[in-house]
Amino acid sequence: MSLHTAPDECSYPNAPNTLKNGASSLDTALRELKRRGEHRQFAILERDANTPPSAAFYGLVEATHAKSPQITLSKDVKIWCSNDYLGMSRNPKVKAAMIAAIEESGVGAGGTRNISGTSIHHVALELSLAKLYQKEAAAIFTSGYNANAATLGVLGRLLPNCIIFSDALNHASMIAGIKRSGAQTKIWRHNDVEHLAQLLKEAPPDTAKLIAMESVYSMDGDIGPLEKVCDLADAHNAYLYVDEVHAVGLYGDHGGGITEQLGLTDRIDVIEGTLGKAYGVMGGYISASRTIVDAVRSFAPEYIFTTALSPALAAGALASVTQLANSNEERHLHRKNVNRLKEELIIRGLAFMDGPSHIVPVIIGDPNRCVVAAQKLLEDFNIYVQPIVYPTVPRGTERLRLTPSPFHNEQSILDLCDALEHVLKSL
Ligand SMILES: Cc1ncc(COP(=O)(O)O)c(C=O)c1O
């Protein structure tokens, strides 16, 4: 597909009525965002499943307008910032499972999980995710965001006088759940176990406690001190909740994540993950005890009051989880390219945050320069890396976040480094 047009019969309403109360404040907020270089740009891409990581780039959403809906092909680019870390979105087994499920069941679930929307595909996936972590049960959601918001929202509300101890860099979806739960919250400095220990010690011994953290932090690529936090959770009789969104599929012999790699799965009460990144599909999940899963299923609005994930997505995700539980090949190729990219950056003296994970952040430190760097990569070198600005990362740490995949090759790594060298110098 190279040309998209809106249907002829579309009728276009007038421009938003700026006389409505408060309308000018939207313009003001957007102007201010643009002035700070923090206005979000959305690239229009059509990824090519046959030649990853290639895609057709059609410009920015901001440049489109419903009154002149023609979007023409701009150019072919190489994507260097996808969270489809292992390319599972185009894996033949995953695609075949989804096509078969669509042929059998149609495309939509047809209801909420509670009202006719639970299919055999959903349940098979949940059983497989419970097995992956050797837990009693699992529940899937329409996104990892919803899994976090739902589970932390319910646990913080139902556990009596619960205090949630939340790492300072936890994801927005965890913060949303924690806030909505109404539980008292203590923020511990990022990855600082001594600070966490001190906060736990100060809390009343008989109150319910829940520690919430991530394994791989998505923007810095560092890894949480899981072993030490497990010890603290045991010592203070606290629940431990770990977001493994950027680790599932990628770490551990069966793709269970960092908790599997470190042999800690049975010490963690709730493991949360996504089906939309390394698993390449869409949706989120938790794996935990039957009681926790039942409580979340029973009390979380994100589980009850929304149409269930498409059965085809569940079938595709199951194929992906199964593949990555039985094969290390994808993880091996991925790691090889991650290491090779880091090596080449070091050889050329290009600075990046060299953490233990697969995420390679190149800090630019200014929003406007970050946007210009990304523009130059795209315009001059056909390389697409989305600039990452506040509030995704703190101000002053704006960055290009590079994510190698198994499909980047030696030449594409060299091309990226050539381009980065040129662009960073020109800044
Ligand atoms: C740490 C973390 N948790 C949760 C999510 C949400 O996952 P999903 O994209 O499946 O909604 C993200 C998304 O980027 C994330 O980075």
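The values are calculated or read from the model by the stated rules, or taken from the named source; none is laboratory data. Note that the structure is a prediction, hence the values are computed from the model and not measured. In this analysis, Cβ positions are derived from the backbone assuming ideal geometry, glycine residues included, and neighbour counts consider all displayed protein chains. Side chains included, ligands, DNA and RNA excluded: accessible areas come from the protein's heavy atoms. Shrake-Rupley method; radii C 1.70, N 1.55, O 1.52, S 1.80 Å.
Determine whether Ala233 is open to solvent by less than 10 Å² (accessible area, probe 1.4 Å), closer than 10 Å to Ile211 by Cα and more than 23 Å from the chain's Cα centre (by Cα). Break it down into steps so the answer makes sense when it comes.
On the way: open to solvent by less than 10 Å² (accessible area, probe 1.4 Å): yes; closer than 10 Å to Ile211 by Cα: yes; more than 23 Å from the chain's Cα centre (by Cα): yes.
Yes, satisfied.
What do you reckon, is Glu260 at pLDDT 95 or above, within 15 Å of the ligand (Cβ to nearest atom) and among the charged types (D, E, K, R)? Before you say what the answer is, go through the steps one by one.
Numbers: at pLDDT 95 or above: yes; within 15 Å of the ligand (Cβ to nearest atom): no; among the charged types (D, E, K, R): yes.
Taking the combined requirement at face value, the residue does not satisfy it.
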* From the list Tyr241, Tyr251, which residue is touching a residue at least 60 places away in the same chain (Cβ under 8 Å), more than 20 Å from Ala203 (Cβ to Cβ), hydroxyl-bearing (Ser, Thr, Tyr) and surrounded by 24 or more Cβ atoms within 10 Å (Cβ to Cβ)? -> Tyr251
* Residues located in the range 159-176, provided they are within 21 Å of Gly144 (Cα to Cα) and open to solvent by 40 Å² or more (accessible area, probe 1.4 Å) -> Ala168, Leu169, His171, Ala172, Ile175
* Among the candidates Tyr58, Tyr133, residue that is hydroxyl-bearing (Ser, Thr, Tyr) and over 21 Å from the mean Cα position of the chain (by Cα) -> Tyr58
* To do: Restrict the check to the range 383-395 and report whether at least one residue is touching a Ser or Thr at 6+ places or on another chain (Cβ under 7 Å) and outside any helix (DSSP H, G or I).
  => no
* Structure fact -> By residue number, the members of the range 261-314 that are under 30 Å from His334 (Cα atoms), assigned to a helix (DSSP H, G or I) and not aliphatic (A, V, I, L, M) are Gln261, Thr265, Asp266, Arg267, Pro311
* To do: May I ask you to list the residues in the range 84-112 that are open to solvent by 30 Å² or more (accessible area, probe 1.4 Å) and touching a His at 6+ places or on another chain (Cβ under 8 Å)?
  => Ser105
* Check whether at least one residue in the range 403-424 is of a type outside the set (A, V, I, L, M, F, W, C), touching an Asp or Glu at 6+ places or on another chain (Cβ under 7 Å) and open to solvent by 30 Å² or more (accessible area, probe 1.4 Å), and report yes or no. => no
* Please work out if Lys179 is more than 16 Å from the ligand (Cβ to nearest atom) and either assigned to a loop (DSSP other than H, G, I, E, B) or open to solvent by 10 Å² or more (accessible area, probe 1.4 Å) (or both). => no
* **Failed item in (1) assigned to a helix (DSSP H, G or I); (2) under 17 Å from Ala124 (Cβ atoms), with Asn368 passing the rest** => (2)
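Considering Ser310, Ser298, which residue is under 21 Å from Tyr145 (Cβ atoms) and open to solvent by 30 Å² or more (accessible area, probe 1.4 Å)?
When all the criteria are applied, what remains is Ser298.
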* Structure fact -> A careful count of residues in the range 263-278 that are in contact with a strand residue (DSSP E or B) (Cβ under 8 Å, 6 or more places away or on another chain) and within 11 Å of the ligand (Cβ to nearest atom) gives 5
* To do: Would you be able to say whether some residue in the range 298-314 is of a type outside the set (Lys, Arg), more than 21 Å from Ile115 (Cα to Cα) and over 17 Å from the mean Cα position of the chain (by Cα)?
  => no
* To do: Mind telling me which of the residues Asp380, Asp366 ends up being closer than 23 Å to Lys75 by Cα, open to solvent by 20 Å² or more (accessible area, probe 1.4 Å) and touching a residue at least 40 places away in the same chain (Cβ under 8 Å)?
  => Asp380
* Cβ pairs under 8 Å, 6+ apart, first in the range 51-67 and touching a residue at least 12 places away in the same chain (Cβ under 8 Å) and at positive phi, second assigned to a strand (DSSP E or B) and open to solvent by less than 60 Å² (accessible area, probe 1.4 Å) -> Gly59/Ala43; Gly59/Ile44; Gly59/Ile71
* To do: Can you give me the number of residues within the range 113-157 that are within 16 Å of the ligand (Cβ to nearest atom), open to solvent by 20 Å² or more (accessible area, probe 1.4 Å), part of a helix (DSSP H, G or I) and polar (S, T, N, Q)?
  => 1
* May I ask you to list pairs of residues, at least six apart or on different chains, whose Cβ atoms are under 6 Å apart, with the first in the range 74-88 being free of Cβ contacts under 8 Å to residues at least 60 places away in the same chain and over 16 Å from Tyr251 (Cβ atoms) and the second being hydrophobic (A, V, I, L, M, F, W, C) and assigned to a strand (DSSP E or B)? => Ser74/Phe57
